[in-house]
Structure formats: structure tokens, C-alpha cells
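Down below is the structure, laid out as C-alpha cells.
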Amino acid sequence: MCSAHSADLTAQAKIRNAAVAHFARDGFQKTNLRAVAATAGVSAALIIRHFGSKENLRSVCDDHVLRILVRRSRTAAGSTGVQDLSREYLADPEEYGLHVRYMVRAIEEDTSAATTFVNTLVAETEELFGAGIADGSMHPSSDLRALAVLNVLVSLATLTMAPALTRALGFERMGPDVLRRIGLPMLELYTRGMYADDTMLKAARAAWETPTQGNPS
């Protein structure tokens, strides 16, 4: 009895993982259950038996990926967060990137899960940054929510970097070597800033705070 139940769970996990890969690569609408079944090594009928429909399968995949992304976000908050996440990425960069691509695909297609993905990760990041500001490890921000959104945006863009950008760094595709190349400059930017003084900040603040005048009629 237990062994049969375990086998069912193993089949479900194989189907879920195959579906995550297909949804991330091909999109939800273009992915069909026969392709998922072939990748998982099961029948399409077994997918229906376990999940009921492609929509339900997608929902399970959404929850699975979200749990992974939230765990990574919380890991980053630890004292060894950067090292821990780097080790996880280097251990299996393809799987690490797959979950990011899955979320990016959901955002591109503006699926129902996209808002949940973004709001959850932004909220986790905002909380992390707020704690950093409170304990003095981070500078205060004029707009903490916007800073959290920007950080999520940069993280997604980095892990799904376009081939042209990886080639600009001397590599053919995104991978550990690319992250090694950009990791320190990114942390230098976050830690030290880029400008030597606040001239640009003052100019931008003045521009944004100046009321916009309508065009003369």
C-alpha cells in the first residue's frame, strides 16, 4: 500500500517537473499533455488521472515554482545568503534557471499566476530590505516598494540574460561563468554606488518634483 502510494507520488513529481520545463520553454497555451507525458515517460491518461486537466496541472506547477522562489528569497536574507544561493546555482544551473524562466514566461503571458509570483517576491524582498534598513546594514530608501520591484526586475533580467548580452561578456550562453563575471561588479554597485557624489540624484529629484506643464494650445 505504501509503496504504491510512493510510486504515485513519484509519477506526479515526474509529470510536474516535465510540465514545468514545457511551460517554461513553450508557454502554457502551446504546451500539450501528450508532450508532457512523453517527457515524463507516462501516458496522457495518467496525467488526467492525477491532475484532472492541464489547468490544474499548471496550478500545481505554479505552486511548486513559487515555493522554490520564495525559499530562495528567504535564503538570500541569511548571513551567508549570497554564498548559499551561489552554491545552489552552481550545483545545478539548468534547474535553477528553469524556475526563473517559468516565472518570466508567466509574466510575459500575463497569466493568473504572474501577479501572485511578482507580488509575493516583491513583498519578500521589501520585508528583507526593511529589516536591513532597521538593523543598519542597508541605507534607507525614498521608496522601499519601488526598490524591491527594481531588485526583482534586475534579478530576473540577470538570470535570463539575452544571448547578445552574454556574448558581450565573451560567453555564448548564460551560465555559471557569466554570473562569476558579473557577480562582483553587481555587488560593488550595490555596496559602493556608482556615482562619486549626489549630483545626478539631486538633478533627477528636481526634475521629477517639477510640475509638468501642459503644451500651449
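Structure notes:
- Filtered by the rule that a residue be of a type outside the set (A, V, I, L, M) and closer than 26 Å to E108 by Cβ, the stretch 29-51 gives Q29, K30, T31, N32, R34, T39, F51.
- Given (1) free of Cβ contacts under 8 Å to residues at least 60 places away in the same chain; (2) surrounded by fewer than 17 Cβ atoms within 10 Å (Cβ to Cβ); (3) acidic (D, E), index of the condition E109 fails: (1)
- Any hit, the stretch 142-161, residues being loosely packed, with under 11 Cβ neighbours inside 10 Å and over 26 Å from R71 (Cβ atoms): yes
- Helices (runs of 4 or more DSSP H) wholly inside the stretch 132-217 containing at least 1 residues that are polar (S, T, N, Q) and within 27 Å of T120 (Cβ to Cβ): 144-159, 176-192
- Residue that is modelled with pLDDT under 90, open to solvent by 60 Å² or more (accessible area, probe 1.4 Å), within 18 Å of the chain's Cα centre (by Cα) and not aromatic (F, W, Y), where the choices are E127, E95: E95
- Qualifying residue in the stretch 71-88 (condition: among the aliphatic types (A, V, I, L, M), open to solvent by less than 40 Å² (accessible area, probe 1.4 Å), under 20 Å from the mean Cα position of the chain (by Cα) and over 21 Å from R25 (Cβ atoms)): yes
- One residue stands out among those in the stretch 22-50 that are touching a His at 6+ places or on another chain (Cβ under 8 Å) and of a type outside the set (G, A, S): the one that is surrounded by the fewest Cβ atoms within 10 Å (Cβ to Cβ), which is T39.
The values are calculated or read from the model by the stated rules, or taken from the named source; none is laboratory data. All of these numbers come straight from a predicted model, not from anything done at the bench. With ideal geometry, Cβ positions are generated from the backbone for all residues, glycine too; neighbour counts draw on all protein chains shown. Quick note on the areas: whole protein, heavy atoms, side chains included, nothing else; ligands and nucleic acids left out. Shrake-Rupley method; radii C 1.70, N 1.55, O 1.52, S 1.80 Å.
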